[in-house]
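K.L.:
I'd like to ask you about the structure that follows.
The values are calculated or read from the model by the stated rules, or taken from the named source; none is laboratory data. Everything numeric here is computed off the predicted structure, so don't read it as measured data. When we count neighbours, we look across all protein chains shown, and the Cβ atoms used for this are built from the backbone with ideal geometry, even at glycine.
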Amino acid sequence: MRALVSTAPGRVAWQEVPDPRVEPHGALVRPLAVARCDLDAPMVALGLFPGPIPVGHELVAEVVEVGADVALRPGARVSVPFQVSCGSCRPCRAGRPVACTTYRAPAGAAYGFGERGGGHGGAVADLLAVPHADHALLPAPEGLPDVALATLPDNAVDAWRTVGPQLRERPGAEVLVLAGAVPSIGLYAVALAGALGAGRVRYVDRDGPRCAAAAGLGAAVTRLDGDWPRRFDRAEVVVDGTADPAGLACAVRSTEDQGLLTVVGIVFGEAALPLLEMYTRGITVHLSRADSRRHLPEVLALAASGVFDPLAVPTTTAPFADAAEVWLQPATKLVLVR
């Protein structure tokens, strides 16, 4: 079969790869639409992981074949969590599939990360093998187009976990989003915060078009010119998508006393944090990968209800066949469609 493969830093190409096999507990799915995660383009452009890497991990798909132990039937349209998990180990049973002990990998077991992700293949391909299909695959809600569904398993889930549980705990809280390194996640966070009843949403970014998009989503926007300041006016709920040690320190200082800060921008290397200030003001800081299988059902339900429209975030579509030409082109959110 064909798969889009990162062959060297800054290069992707279609390649013939071995057909995936169906395990008794697994399924083969045919990607219908694949979205480019905010990490995908820099991962390829900078060669963050050793290649070759079959790319892509945000997708909606059609089941084409199932193993002997699978109840799901071919023909079903499904949403595919981007992380691989078994559903039966202790963390999975406890509702933490991101910590699955059956599937482990240096970058976390996931599609589209090559050997660093456990070698599970990529979504920009003719077929994708999904282990433990009855646990992993979620029915795609009727009425949601493939383009919208493809955006949900990673970046929309990542955005939801920055504001969803927080606003459930603190209804009407003010939300501050510091963006830059995660183009779509910051905007999904704005859209979700508004949909979930945040009292006010503020957005900070250097990028003009994204600032305009955030304003269109209802945020009060600050266009950053220069370095990250010491802090902004504080908010109870803060999202750090800067991937910058100075931006992270700014996010910490911009979090209200006893506030909640979630970090979604990956900071490579060391970062100095104002630990004494964090301690005395009681700030909770959470940083991790998104738990796709855990949170995706709630995000699917929000999108299906119409409360959250992922396509309100600027979305560029392109034919699946053009993936090699468009995968590294600029776009806030790129979706390949068959």
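K.L.:
Just to be sure I understand, how many residues within region 206-247 are closer than 21 Å to PRO330 by Cα, of a type outside the set (Ser, Thr, Tyr) and buried (at least 24 other Cβ atoms within 10 Å of the Cβ)?
P.N.:
3
K.L.:
Looking at region 184-204, which of its residues are within 25 Å of VAL267 (Cα to Cα) and either modelled with pLDDT under 95 or surrounded by fewer than 24 Cβ atoms within 10 Å (Cβ to Cβ) (or both)?
P.N.:
ARG202
K.L.:
Another question, then. Among the residues of region 198-214, are any in the same structural domain as GLU169 (by TED's automatic domain parsing), part of a loop (DSSP other than H, G, I, E, B) and out of contact with any Asp or Glu (no Cβ under 8 Å at 6 or more places or on another chain)?
P.N.:
Yes, region 198-214 contains at least one residue that is in the same structural domain as GLU169 (by TED's automatic domain parsing), part of a loop (DSSP other than H, G, I, E, B) and out of contact with any Asp or Glu (no Cβ under 8 Å at 6 or more places or on another chain).
K.L.:
In region 234-258, which residues are under 18 Å from LEU192 (Cβ atoms) and not aliphatic (A, V, I, L, M)?
P.N.:
The answer is GLU236, ASP240, GLY241.
K.L.:
Being over 15 Å from ARG293 (Cβ atoms) and touching a Ser or Thr at 6+ places or on another chain (Cβ under 9 Å) narrows it down to one of GLN83, GLN15, so name that one.
P.N.:
Sole residue among the options that is over 15 Å from ARG293 (Cβ atoms) and touching a Ser or Thr at 6+ places or on another chain (Cβ under 9 Å): GLN15.
K.L.:
Now for a separate question. Looking only at region 142-152, count every residue that is modelled with pLDDT under 95 and crowded, with 20+ Cβ neighbours inside 10 Å and tell me the total.
P.N.:
So the answer is 0.
K.L.:
What number goes with the only condition from (1) over 23 Å from CYS211 (Cβ atoms); (2) surrounded by 19 or more Cβ atoms within 10 Å (Cβ to Cβ); (3) in contact with a strand residue (DSSP E or B) (Cβ under 8 Å, 6 or more places away or on another chain) that VAL299 does not pass?
P.N.:
Checking VAL299 against (1) over 23 Å from CYS211 (Cβ atoms); (2) surrounded by 19 or more Cβ atoms within 10 Å (Cβ to Cβ); (3) in contact with a strand residue (DSSP E or B) (Cβ under 8 Å, 6 or more places away or on another chain), the one that fails is (3).
Table: residues versus (1) within 19 Å of VAL285 (Cα to Cα); (2) without any contact (Cβ under 8 Å) to a residue 24 or more places away in the chain.
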site: VAL175; (1), (2): yes, no
site: SER184; (1), (2): no, no
site: ALA189; (1), (2): yes, no
site: GLY226; (1), (2): no, yes
site: ASP240; (1), (2): yes, no
site: PRO245; (1), (2): yes, no
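Yes/no per residue for (1) surrounded by 21 or more Cβ atoms within 10 Å (Cβ to Cβ); (2) over 18 Å from the mean Cα position of the chain (by Cα); (3) not in a strand (DSSP E or B):
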position: LEU4; (1), (2), (3): yes, yes, no
position: ALA13; (1), (2), (3): no, yes, no
position: ALA71; (1), (2), (3): no, yes, yes
position: TYR103; (1), (2), (3): no, yes, yes
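K.L.:
Would you say PRO139 is assigned by TED's automatic domain parsing to the domain that holds ALA76, surrounded by fewer than 19 Cβ atoms within 10 Å (Cβ to Cβ) and out of contact with any helix residue (DSSP H, G or I) (no Cβ under 8 Å at 6 or more places or on another chain)?
P.N.:
Yes, satisfied.
K.L.:
If I filter region 119-133 down to residues being small (Gly, Ala, Ser) and in contact (Cβ under 8 Å) with a residue 40 or more places away in the chain, which single residue comes out as surrounded by the fewest Cβ atoms within 10 Å (Cβ to Cβ)?
P.N.:
ALA129
K.L.:
Which ranges mark the helices (runs of 4 or more DSSP H) fully within region 110-180 that have 1 or more residues being farther than 30 Å from ASP257 by Cβ?
P.N.:
Once the helices (runs of 4 or more DSSP H) in region 110-180 are filtered for at least 1 residues that are farther than 30 Å from ASP257 by Cβ, what remains is 133-136, 146-150.
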